[in-house]
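For reference, the structure discussed in these notes is given below.
The values are calculated or read from the model by the stated rules, or taken from the named source; none is laboratory data. All figures in this text were calculated on a predicted structure; none of them were measured in a lab. Every residue, glycine among them, receives a Cβ derived from its backbone with ideal geometry; neighbour counts consider all protein chains shown. For the accessible areas, the whole protein counts, side chains as well, though only heavy atoms, and no ligand, DNA or RNA atoms are used. Shrake-Rupley method; radii C 1.70, N 1.55, O 1.52, S 1.80 Å.
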Amino acid sequence: MRLSLSRFSPRFSTNVLSLLIFCLRMTLPLAAAEPSSRVLDSGWQFRAVSSTDNSDVQQWHAAQVPGVIHTDLLQNHLIPDPFDRDNEFRLQWIGLTDWEYQTTFQADAASLGHDHIDLVFDGLDTFADVYLNDQAILHADNMFRTWRIPAKALLKPGQNTLRIVFHSAITKMIPYVKSLPFILPAISTNISNNEENVATAPYTRKAPYQYGWDWGPRFVTEGIWQPVRLETWDALRIDNFHIHQEKITSDLASVIAELDIDASKPSAVTLTLAHDELSGAQTNDGSQTLQLDAGINHVSFPIRIAKPKLWYPVGYGAQSRYRFSAVIRTGKDVAARAEVKTGLRSIELRRVPDQWGKSFEFVVNGIEVFSKGADVIPFDSFPNRVTPDIHRKILLAARDAHMNMLREWGGGYYESDDFYDICDELGLMVWQEFAFGGDMIPGDVAYQENVRLEAIDQIKRLRDHPSIVIWCGNNEVETGWYHWGDRQQFKNSISPEARDRVWQDYVIMFADVLKGAVNQYSDPTPYWPSSPSADFEEIPDNQHNGDMHYWQVWHAQASASDYTLQFPRFMTEYGFQSFPEMRTIRTFAEKPEDFDIRSTVMQAHQKNKGGNERILTYMLREYRQPKDFESFVYLSQVQQAEIIKIGAEHLRRQRPRTMGSLYWQLNDCWPVASWASIDYYGRWKALQYYARRFYDDLLISPFLHDDKVDVYVVSDKLQPLSGTIHTRLLDFSGNVLLDQTKDIQIPAQSNAIYLTLDKADLAAKADLHSSFLVFDLRLQTNTSPTQKLYRNLIFFDAMNSLDLPVMPKIETAITKAGADYTITLQSSKLARGVYISFGDLDVESSDNYFDLLPGEPATITLKSAATIDQLKSALKVMSLTEAYAAN
């Protein structure tokens, strides 16, 4: 039958035509569209849905997504600043309350016409019931997992409602934990009377530090802490794209492109792969025809790259990276595409028997690397506030301090993609730990499976970052079981059978579940069960097998010199506390009575019990009584830097017996007295400046012991070097009492003693209470010495026993130098620990907390938006004896 439209009215004709077009679209095969994604980050609201004394929070308020409940309350002026004063203790009700989030979004005909529509939650914190148009679609129970939910059947044209109810991670778990035959011990502290003294953290897949740590507050967050997306797709989507590095050498890189393809139905497709250097031309790696089955298809495609440009840790070579791309076509149409960046490198954790036990060193592209760095904690108590700029600032500071490794500590959360991108770019190796901070773990099958899926999610997300050189199961769970007092009490409180069961639960998780996930999804990156550990070969935390944490200095108040009695194979933790600078302290303290180490406010911002008194106890061993609080803060930073310098230089002097020095810790998650070398606002403490010296690729390190001074030179350089050691014995007024030089040859990647001085001989030349040794190392080329000077000093007694010049006069001059400024400082007498500051002005200094030798000017570069007059007006110079109280 032939249909003619001319007989009908124009309006009727138009309606019929529209109907015909719709029918044709429904019956004729269409080219499948590429998957698309839409972020659902607008229109969100929140309210409390459980009983609370604050009626305002039971009303709807605007929410930020991604975000957490604490920052939403703060932005709506419903709570005071959680970091101010001691507000932490008054805000614990937030983590004990259930909260509801809700938004609406539009679904148009085009979106609904796709074969698949998925709701994807990159992170829900933590126990969350999710409803789409009032239909339950998800019950989440893990902060670290990604959840993908088919949603097409529940969507409707027009407005749709997405609602998420978050249950308190504490109150939800209390009944369950109380029903167990015993409760696992926990590191976190209960500071709320509503928690019934029940530790729920070990049973909850949530960032452990949020329950409180000895450097961080207790803010048990809830909320949509990662993006929410609505994804549409038709024939297929690429679920994951990975470059498996099978064998990497300087001559040939053999890799396998691995794709997980989710297909709607059986179909024939063409896969095309290509790669390019990030700044180079693209190379086509070929195509192949695939016959896909419905569901997940795992596809492998070998690629060979001749003479590849390899990725190296900073200081050992370039950080070359490649971009790999995959395009899947059905016929001539692109059905899906993906790309991944990676750096090509070989990685080995070398552990072989030797004269000291069993080695522990990272070997990258065949090069044995001495790992220098620090431990990293979360950058904020509220993860949504951390930006790529914050990451970059801290990571650049690590690189600029000659660090080449950071340990991503297991008590936090898995960092965002940009963190690892920056580490890749800067050549910073990452020791990556799974999110276990020190608590023993439950052993039920549901918990183990939850963690296994978490691990797969995170490994797949992060495995192509060349910076990740090891996956580690946990922080300190294993050593805690053997060595911590609360674990011994726990073991004594349960039956031998229960004790064995708890240990077997640990072994299953960290020797089977997580190790298996790494071996399956991140080969050949090595796996290590815990830090510290000896890989179950013997009791962990020893000096001959595996890595080691050393805390007798600080926690046991051992002398800092005890660092020189430790000979670990790899030191992954050691540390000492200090206060942040006054500008940071003033962000949480304001009243005159606050500025006392025993005040309520200062105690609230000191999370290690007795920490402020411990800082003072150590201080009075080495220095004199500070004259005021600001002087105490200054001396705390000098003390921290000097103590860690002892440990770091000692560890470097043990190469190759020791092949790693990671001090605790690089950064802070809030303004606090802590072990950090960079405070919450990114301001360098004295330790960060010291690290730039003691982690330099070339180190001259004099060691006073047994009435002699051994002068070491440690080199991480890959080439042999020639140099000269210039030794001087000076009194505090600059008079030269000994002056000698020695030419030396420094092998590549070496450590040796080049000079020994007898203390008795030095004492015959000078009063050692009013003199000191200066060691200068300069390298030589074929024509002239290089400009860089490597310097170290030795004093012969504690600072409070020396006749240091009292308040030496320091002359200063600030001048313009291109876009920057320079400040030149000079003193006729020795000035120790010279600290320059500029009040509330933001000024970046090329050096600080340095020793100013008598008669030798020091010139420092300053970067600031301030004017020269502002800098001169704000300048303050402090040295060691100026901080002392009058006798």
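Being charged (D, E, K, R) and without any contact (Cβ under 8 Å) to a residue 40 or more places away in the chain is true for just one of ARG337, ARG350. Which residue is that?
Result of the check over ARG337, ARG350: ARG350.
Pairing each residue of the range 67-78 that is more than 23 Å from PHE121 (Cβ to Cβ) with any residue that is open to solvent by 40 Å² or more (accessible area, probe 1.4 Å) and of a type in the set (A, V, I, L, M), provided the two are 6+ apart or on different chains, yields no C-beta distance under 6 Å. Restricting attention to the range 803-822 and to residues that are touching a Ser or Thr at 6+ places or on another chain (Cβ under 6 Å) and of a type in the set (Val, Ile, Thr), the residue that is modelled with the lowest pLDDT turns out to be VAL806.
Within the range 546-580, being outside any helix (DSSP H, G or I), open to solvent by 10 Å² or more (accessible area, probe 1.4 Å) and polar (S, T, N, Q) holds for GLN557, SER559, GLN566. The residues on offer are SER599, SER578, SER636, SER559, and the sole one that is in contact with a strand residue (DSSP E or B) (Cβ under 6 Å, 6 or more places away or on another chain) and on the phi < 0 side of the Ramachandran plot is SER636.
Counting only strands (runs of 3 or more DSSP E) that sit wholly inside the range 632-734, those with at least 1 residues that are in contact (Cβ under 8 Å) with a residue 24 or more places away in the chain and touching a His at 6+ places or on another chain (Cβ under 8 Å) are 698-705.
Can you tell which of LYS765, LYS788, LYS708 is touching a Ser or Thr at 6+ places or on another chain (Cβ under 7 Å) and either among the small types (Gly, Ala, Ser) or surrounded by fewer than 20 Cβ atoms within 10 Å (Cβ to Cβ) (or both)?
LYS708
Per the conditions (1) surrounded by fewer than 17 Cβ atoms within 10 Å (Cβ to Cβ); (2) modelled with pLDDT of 95 or more; (3) not in a strand (DSSP E or B), the sole criterion not satisfied by PHE144 is (1). Once the range 70-89 is narrowed to residues that are within 14 Å of ARG47 (Cα to Cα) and of a type in the set (S, T, N, Q), the residue that is nearest to the chain's Cα centre (by Cα) is THR71. Any idea which of ASP417, ASP375, ASP439, ASP400 is of a type in the set (Asp, Glu), within 19 Å of ASP668 (Cβ to Cβ) and open to solvent by 10 Å² or more (accessible area, probe 1.4 Å)? Exactly one residue qualifies, and that residue is ASP400. Does ALA446 count as assigned to a helix (DSSP H, G or I), more than 25 Å from TRP225 (Cα to Cα), modelled with pLDDT of 95 or more and hydrophobic (A, V, I, L, M, F, W, C)? When the stated conditions are applied, ALA446 does not pass them. Those residues that are of a type in the set (A, V, I, L, M) and either touching a Cys at 6+ places or on another chain (Cβ under 7 Å) or assigned to a helix (DSSP H, G or I) (or both), I need them from the range 382-405; list them, please. Those that are of a type in the set (A, V, I, L, M) and either touching a Cys at 6+ places or on another chain (Cβ under 7 Å) or assigned to a helix (DSSP H, G or I) (or both): ILE390, ILE394, LEU395, LEU396, ALA397, ALA398.
Taking strands (runs of 3 or more DSSP E) that fall entirely within the range 290-362, which contain at least 1 residues that are closer than 26 Å to TYR695 by Cα, open to solvent by less than 40 Å² (accessible area, probe 1.4 Å) and of a type in the set (Gly, Ala, Ser)? Write out each step before concluding.
Details: elements: 295-306, 322-330, 333-342, 347-350.
In the range 290-362, no matching strands (runs of 3 or more DSSP E) lie anywhere.
Screening SER287 against (1) over 15 Å from ARG337 (Cα atoms); (2) in contact (Cβ under 8 Å) with a residue 12 or more places away in the chain; (3) more than 28 Å from the chain's Cα centre (by Cα); (4) open to solvent by 30 Å² or more (accessible area, probe 1.4 Å) leaves a single unmet condition, (1). With the structure loaded, tell me whether ASP424 is modelled with pLDDT of 95 or more, over 18 Å from PRO313 (Cβ atoms) and either in a loop (DSSP other than H, G, I, E, B) or not basic (Lys, Arg) (or both) or whether it fails that test. No: the conditions fail for ASP424. Which members of the range 113-141 meet the condition of being aromatic (Phe, Trp, Tyr) and either open to solvent by less than 30 Å² (accessible area, probe 1.4 Å) or under 32 Å from the mean Cα position of the chain (by Cα) (or both)? Residues satisfying the conditions are PHE121, PHE127. Taking the condition of being open to solvent by less than 20 Å² (accessible area, probe 1.4 Å) and without any contact (Cβ under 8 Å) to a residue 12 or more places away in the chain, how many residues in the range 476-529 meet it? Of the residues in the range 476-529, 0 are open to solvent by less than 20 Å² (accessible area, probe 1.4 Å) and without any contact (Cβ under 8 Å) to a residue 12 or more places away in the chain. Considering (1) over 24 Å from the mean Cα position of the chain (by Cα); (2) modelled with pLDDT under 95; (3) at negative phi, the lone condition that ASN197 does not fulfil carries the number (3).
Among the residues of the range 365-381, how many are within 24 Å of TYR663 (Cα to Cα) and either part of a loop (DSSP other than H, G, I, E, B) or more than 21 Å from the chain's Cα centre (by Cα) (or both)?
Number of matching residues: 8.
Within the range 114-141, residues that are closer than 16 Å to LYS206 by Cβ have Cβ atoms under 6 Å from residues that are outside any strand (DSSP E or B) and open to solvent by 10 Å² or more (accessible area, probe 1.4 Å) in these pairs: ASP122/THR146; ASP122/GLN226; ASP122/PRO227; GLY123/TRP225; GLY123/GLN226; ASP125/TRP225; PHE127/LYS172, counting only partners at least 6 apart in sequence or on another chain. On the given criteria, is ARG652 open to solvent by less than 10 Å² (accessible area, probe 1.4 Å) and at pLDDT 95 or above? Considered against the rule, which asks whether it is open to solvent by less than 10 Å² (accessible area, probe 1.4 Å) and at pLDDT 95 or above, ARG652 comes out as yes.
For the range 217-262, filtering for residues that are touching a strand residue (DSSP E or B) at 6+ places or on another chain (Cβ under 8 Å), assigned to a loop (DSSP other than H, G, I, E, B) and either of a type in the set (Val, Ile, Thr) or open to solvent by less than 10 Å² (accessible area, probe 1.4 Å) (or both) leaves 4. When ASN87 is tested against the conditions (1) at pLDDT below 95; (2) open to solvent by less than 30 Å² (accessible area, probe 1.4 Å), the lone failure is (1).
Is it true that some residue in the range 853-861 is modelled with pLDDT of 95 or more, open to solvent by 50 Å² or more (accessible area, probe 1.4 Å), in a strand (DSSP E or B) and not basic (Lys, Arg)? Yes, the range 853-861 contains a residue that is modelled with pLDDT of 95 or more, open to solvent by 50 Å² or more (accessible area, probe 1.4 Å), in a strand (DSSP E or B) and not basic (Lys, Arg). For the range 58-95, filtering for residues that are under 30 Å from ARG586 (Cα atoms) and assigned to a helix (DSSP H, G or I) leaves 15.
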